[in-house]
Amino acid sequence: MIKLFIFDLDGVITSTSIEHFSAWKEIIKDRFNIYINDSIEEKTKGVSRMQSLNRILESYDLEYIISDNEKVRLATLKNELYKSMISNFDETNIYPGVIKLFEYLKKKNILIALGSASKNGPSIIDGLGIRNYFDYIVDPTDLMSKPHPDIFNKAMNHFNLSPSECVGIEDAISGVTSIKSAKMYAIGIGNQEQLNHADIVFKSIAEIDNKFLENLIEGDHE
Ligand code: BG6
Ligand code: MG
């Protein structure tokens, strides 16, 4: 019996994964005059701000040519730019089907948690006007980034549940790995081929139907 759904934020509930990467592109172009390739985006998902920067720098052999202070400066600039890009986000930026799914889960008395690596998570949730749906928001500070299971385990342990009582929803390869490492049922959102390690993949949250949810919630996924 499922008791808890743990949602990733960026790219699942709203489009902020796009703004995260756009902000990095601009910061790296301004600093190094390099146009970072779209193929690097996946590597920056689910990991902390500084890890995202390090992965971008590594991809261009730039990680040793700048100081740690300079990395902090770039990460801070990126976050300022990112926040300005999403400053007008409101309920119109919630992906289709998300509210319907939240309402369904609430009706079934299923707990809802946010399991995002983003420190901006709580303020984004407030901006979207959906804070009231969440029973718990994981603070990613001091937790290992995805694909490590820490973030999903933190939500599960908060409610004293076991993995078979939890479902994770993710759009990133590392995020799905994180859910599976926590031994939970993984719903992938996006591309079937990319997320084939998920238990099931939907193109978007809007495609998740009630029949599927009913079977999932009542079923045994040990
Ligand atoms: C994750 C994103 O959700 O949050 C990553 O997928 C991002 O790309 C990470 O680096 C940290 O976000 P923030 O908002 O704390 O910089
Ligand atoms: Mg995501």
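Rule-based calculations on the coordinates, nothing more; no lab input. Fair warning: this is a prediction, and the values are worked out from it, not measured in the lab. For neighbour counting, all protein chains shown are included, and Cβ atoms are generated from backbone atoms with ideal geometry for every residue, glycine included.
Please verify whether I56 is assigned to a helix (DSSP H, G or I), away from ligand 2 (no atom under 16 Å from the Cβ) and either among the β-branched types (V, I, T) or without any contact (Cβ under 8 Å) to a residue 12 or more places away in the chain (or both), treating the condition exactly as stated.
Details: assigned to a helix (DSSP H, G or I): yes; away from ligand 2 (no atom under 16 Å from the Cβ): yes; either among the β-branched types (V, I, T) or without any contact (Cβ under 8 Å) to a residue 12 or more places away in the chain (or both): yes.
Spelling it out, I56 is indeed assigned to a helix (DSSP H, G or I), away from ligand 2 (no atom under 16 Å from the Cβ) and either among the β-branched types (V, I, T) or without any contact (Cβ under 8 Å) to a residue 12 or more places away in the chain (or both).
Give the residues of segment 181-211 that are without any contact (Cβ under 8 Å) to a residue 60 or more places away in the chain and within 14 Å of F5 (Cα to Cα), sorted by residue number.
A182, K183, A186, I187, G188
When D8 is evaluated against the numbered criteria (1) more than 14 Å from ligand 2 (Cβ to nearest atom); (2) touching a residue at least 40 places away in the same chain (Cβ under 8 Å), which criterion, by number, is the only one it fails?
Here D8 clears every test but (1).
So, in segment 1-21, exactly how many residues are more than 11 Å from ligand 1 (Cβ to nearest atom) and farther than 25 Å from C166 by Cβ?
Of the residues in that region, 1 qualify.
For residues that are away from ligand 1 (no atom under 16 Å from the Cβ) and either of a type in the set (V, I, T) or buried (at least 16 other Cβ atoms within 10 Å of the Cβ) (or both), tally how many sit in segment 105-129. Explain how you work it out, then say what you get.
Step one: filter segment 105-129 for residues away from ligand 1 (no atom under 16 Å from the Cβ), giving 105-112, 129.
When the remaining residues are screened for being either of a type in the set (V, I, T) or buried (at least 16 other Cβ atoms within 10 Å of the Cβ) (or both), the result is 105, 110-112.
Residues in segment 105-129 being away from ligand 1 (no atom under 16 Å from the Cβ) and either of a type in the set (V, I, T) or buried (at least 16 other Cβ atoms within 10 Å of the Cβ) (or both): 4 in total.
Do we have any residue at all in segment 199-220 that's of a type in the set (K, R), in contact with a strand residue (DSSP E or B) (Cβ under 8 Å, 6 or more places away or on another chain) and outside any helix (DSSP H, G or I)? I'd like the intermediate steps shown before the answer.
Taking segment 199-220 and keeping what is of a type in the set (K, R), we get 203, 211.
Still in the list and also in contact with a strand residue (DSSP E or B) (Cβ under 8 Å, 6 or more places away or on another chain): 203.
Next, from what is left, pick out any that are outside any helix (DSSP H, G or I): 203.
Taking every residue of segment 199-220 in turn, at least one turns out to be of a type in the set (K, R), in contact with a strand residue (DSSP E or B) (Cβ under 8 Å, 6 or more places away or on another chain) and outside any helix (DSSP H, G or I).
Taking the stated definitions as given, is S15 surrounded by fewer than 16 Cβ atoms within 10 Å (Cβ to Cβ) and within 16 Å of ligand 2 (Cβ to nearest atom)?
Details: surrounded by fewer than 16 Cβ atoms within 10 Å (Cβ to Cβ): yes; within 16 Å of ligand 2 (Cβ to nearest atom): yes.
Judged against the criteria, S15 is a match.
Right, S39: within 10 Å of ligand 2 (Cβ to nearest atom) and assigned to a helix (DSSP H, G or I) or not? Write out each step before concluding.
Working: within 10 Å of ligand 2 (Cβ to nearest atom): no; assigned to a helix (DSSP H, G or I): yes.
No: the conditions fail for S39.
Test D171 against the stated conditions and say whether it is touching a residue at least 60 places away in the same chain (Cβ under 8 Å) and closer than 30 Å to T76 by Cβ.
Details: touching a residue at least 60 places away in the same chain (Cβ under 8 Å): yes; closer than 30 Å to T76 by Cβ: yes.
Criteria met by D171.
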